[in-house]
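What follows is a single structure, written as structure tokens, with notes after it.
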Amino acid sequence: MIAFVFPGQGAQRVGMGRALAERYPQAREVFERADDALGFSISRLCFEGPEEELRLTANSQPAILAVSMAAHEVVRRELGVRPQVVAGHSLGEYSALVAAGALTLEDAVKLVHQRGRFMQEAVAPGQGGMAAVMGLSDTAVAELCREAAGDEVLAPANFNGGGQVVIAGHAGAVERGMALAKARGARAIPLKVSAPFHCPLMQPAAERLRVALAEVAVHPLRVPVVSNVEAEPNQERGRVVELLATQVTAPVRWEQSVQRLAALGVAWVLELGPGKVLSGLIRRVCPELAVDAVESPEQLEALREQRSAGLGEAAGGRREWAAEPSAS
């Protein structure tokens, strides 16, 4: 059983997707469609920067989605690999929904462009923060957040796995949480983010996003999407909007999502999009899974060579190739 997974914000870098677009017409088509939908050249921002502009939340989200979907189209058409289930980390859930057929590429890039702006505007600059805590259990981090919050907001934002939990909230509460984590023998690293994502401070963004989502058509899902909010597969299109709106203020349950993929029978995971962050997290959570990442022609051709040699195995997991190109 094959799963496709898609990265979230933070994976962006100048130059991403350029090699795919130069080599594969289906990747170029994705970028052209994204540019047309947004009314500005997100492809130029991906390929050339400038970096400070690409880092802006309202730009990085559609940029990562465009690169992810370009990789998806290349893998689908060049290798004929099709997933039985998909998932994405935060922003990546929108890419997963495009891959599942629930959202069009055009609607998705416009939505995440708005989502990024709503999230950025929900909290004034400097008022919020995020930090990665390593070496404490999920329960211990949740308790730490309760102790450090005081009269402010502090909550777990990402359960990433491998002993890493990201916390988010008011800047002062994040500082107190980091100090408490270090006092308890854990590591705590502040993250360079523009807003405190996936915590109750994002409620204004959630309300604005819900209005934007209501204007978008949600189509039948060809395959289930494991949602961030529940870490459970969803194939009901009537639940998509609520899950996406709730996701903005709820923690990303990535470790539980990976465990759920394994429980569903997934043996091979393909990360499609910039970077290999999810591949590393998946290997820590479920080392028995075979994991590959595709964001470049070289990675794609390496997989093609493995296919020509027959079924491959890695890390105990088995790569099972689709018999023919997917129409999905």
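Just so it is clear, none of the values below were taken in a lab; they were calculated from the coordinates. Keep in mind the model is a prediction, meaning the values are calculated, not measured. As a convention, Cβ positions derive from the backbone with ideal geometry for all residues, glycine included, and neighbour counts pool all protein chains shown.
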Practice problem: Could you give the spread of the C-alpha atoms of the range 44-90 along their three principal axes, from largest to smallest, in whole angstroms? | Solution: 36, 23, 10
Exercise. Report, in degrees rounded to the nearest 10, the 0 to 90 angle that the Cα long axis of helix 25-38 makes with the longest principal axis of the chain.
Key: 40
Quiz item: Can you list the HN-Hα couplings for the range 46-56, worked out from phi with the Karplus curve (6.51, -1.76, 1.60; θ = phi - 60°), rounded to whole Hz and with x for Gly and Pro?
Solution: 5, 7, 10, x, x, 4, 5, 6, 5, 6, 4
Quiz item: Among 74, 293, 63, whose Cα sits farthest toward the positive end of the charge dipole of the chain (+1 at Cβ of Lys/Arg, -1 at Cβ of Asp/Glu, about the Cα centre)?
Solution: 293
Exercise. Could you check how many percent of all C-alpha pairs in the range 13-140 are farther apart than 25 Å?
Key: 30
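Quick check on the exposure proxy: order 254, 268 from fewest to most C-beta atoms within 10 angstrom. Show your work: numbers first, answer last.
Values: 254 28, 268 22.
Listed from fewest to most nearby Cβ atoms, that is 268, 254.
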Quiz prompt | Net charge of neighbours whose Cβ lies under 14 Å from the Cβ of residue 254, counting Lys and Arg as +1 and Asp and Glu as -1 | solution = -2
Exercise. Place a +1 charge on the Cβ of each Lys and Arg in the range 131-193 and a -1 charge on the Cβ of each Asp and Glu, then give the dipole magnitude about the Cα centre in debye, rounded to the nearest 20.
Key: 260
Quiz prompt | Added length on full extension, which subtracts the Cα-Cα distance from 0.36 nm per residue, residue 219 to residue 134 | solution = 26.7 nm
Exercise. Quick one: plug the Kirkwood hydrodynamic radius of the chain (C-alpha pairs) into Stokes-Einstein at 37 °C, 0.692 mPa s, and report D in µm²/s.
Key: 166
Self-check item: Distance between the range 92-150 and the range 284-299 - C-alpha centres, whole angstrom
Solution: 23
Self-check item: Per-bin percent of Cα-Cα distances, the range 83-162 [5 Å]
Solution: 3, 12, 16, 16, 16, 16, 13, 7, 2, 0
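Of 6, 31, how do they rank once you tally other Cβ atoms within 10 Å and put the fewest first? Please list the in-between numbers first.
Numbers: 6 31, 31 23.
Placing the least packed residue first, the sequence is 31, 6.
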Quiz prompt | Fewest-first sequence of 219, 170, 198 by Cβ atoms within 10 Å of each Cβ | solution = 219, 170, 198
Quiz item: What nm distance separates the two modelled labels at residue 127 and residue 239, each placed 7 Å from Cα along Cα→Cβ?
Solution: 3.4
Quiz item: Of 280, 135, 162, which has the largest mean-square fluctuation in a 10 Å C-alpha GNM of the chain?
Solution: 280
Quiz item: Of 231, 63, 183, which is the most mobile in a GNM of the chain whose springs link Cα atoms less than 10 angstrom apart?
Solution: 183
Quiz prompt | Highest-MSF residue in the chain out of 277, 226, 112 [GNM, Cα springs under 10 Å] | solution = 277
Quiz prompt | Calculated log₁₀ intensity ratio I(q)/I(0) where the Debye formula runs over C-alpha points of the range 131-193, q = 0.16 Å⁻¹ | solution = -0.38
Quiz item: Local charge sum around residue 145 (other residues, Cβ-Cβ under 14 Å, Lys/Arg +1, Asp/Glu -1)?
Solution: -3
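To the nearest 20 Debye, how big is the dipole of the range 24-154 about its Cα centre, given +1 on the beta carbon of each Lys and Arg and -1 on that of each Asp and Glu?
Numbers: 11 positive and 19 negative charges, 91 e Å.
That gives a dipole near 440 debye.
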Quiz item: What's the angle, to the nearest 10 degrees (0 to 90), between helix 203-214's Cα axis and the longest principal axis of the chain?
Solution: 30
Exercise. For helix 254-264, report the angle its Cα long axis makes with the longest principal axis of the Cα atoms of the chain; keep it between 0 and 90° and round to the nearest 10°.
Key: 40
Quiz item: Relative to the Cα centre, what is the charge dipole magnitude of the chain, using +1 at the beta carbon of each Lys and Arg, -1 at the beta carbon of each Asp and Glu, and rounding to the nearest 20 debye?
Solution: 380
